[in-house]
Amino acid sequence: MSTVLYPGSFDPFHLGHLDVVSQAAELFGSVVVAVMHNPDKPSGVFPTADRVEVARIACAHINGVTVEAFPGLAVDAAKKIGALCIVKGLRTPNDFEVEQQMAHTNFAISGVRTVYVPSDPSLSFLSSRYIRDIAANGGNISPLVPASVLSNVLAAFSPRSK
Ligand code: PNS
């Protein structure tokens, strides 16, 4: 069994993320889901603590999975937990372009490698950005997020929480 780091912004955690966590847990045995900051994305809808809570609830049924927030670099988080590698999910060729550059950069600065898992094709259209947009406009996000966290995600968009 090895421990791997699955970093992301998870704003919010959705069924595609759950698929990657499940695959990584099956392959490696131990997965640390790292809730991190993506400098290319505007400040998240969800505070970090809420993203961690949602991911924890969503992954609670998978053995060997923990969820933590980490500041700073993904490679430092990977070293801190003694990870064998970073794991990323690939949905599209566009994901590959972005992830490949990040993977090479991370390896160049630290020696930490990245392993990709392909998204389940039935989930490869999922995007946190669209989920935020749909939820903010009162649309139906139930086909997109784990049922166990639907109410938590909706709560972030309820008028009282704004
Ligand atoms: O879910 P996302 O937004 O695609 O995840 C991107 C994330 C958070 C994994 C990436 O931005 C990241 O690794 N952030 C931590 C800072 C870091 O390590 N930057 C150097 C990247 S080469």
Counted residues in region 26-35 being crowded, with 19+ Cβ neighbours inside 10 Å and either within 9 Å of the ligand (Cβ to nearest atom) or over 8 Å from the mean Cα position of the chain (by Cα) (or both) come to 5
Flagged in region 60-80 as touching a residue at least 40 places away in the same chain (Cβ under 8 Å), under 12 Å from Val31 (Cβ atoms) and surrounded by fewer than 16 Cβ atoms within 10 Å (Cβ to Cβ), in numbering order, are Ile62
Counting only strands (runs of 3 or more DSSP E) entirely within region 54-154, those with at least 3 residues that are aromatic (Phe, Trp, Tyr) and away from the ligand (no atom under 12 Å from the Cβ) are none
Of (1) crowded, with 18+ Cβ neighbours inside 10 Å; (2) at pLDDT 95 or above; (3) more than 13 Å from the chain's Cα centre (by Cα), Ala55 fails just (3)
Arg129: passes all of (1) under 20 Å from Ala58 (Cβ atoms); (2) in contact with a helix residue (DSSP H, G or I) (Cβ under 6 Å, 6 or more places away or on another chain) but (2)
Of (1) in a loop (DSSP other than H, G, I, E, B); (2) touching a Gly at 6+ places or on another chain (Cβ under 8 Å), Asp19 fails just (1)
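The values are calculated or read from the model by the stated rules, or taken from the named source; none is laboratory data. Bear in mind the structure is a predicted one, so any value in this text is a computation, not a measurement. Glycine gets a Cβ as well: all are built from the backbone with ideal geometry, and neighbour counts include every protein chain shown.
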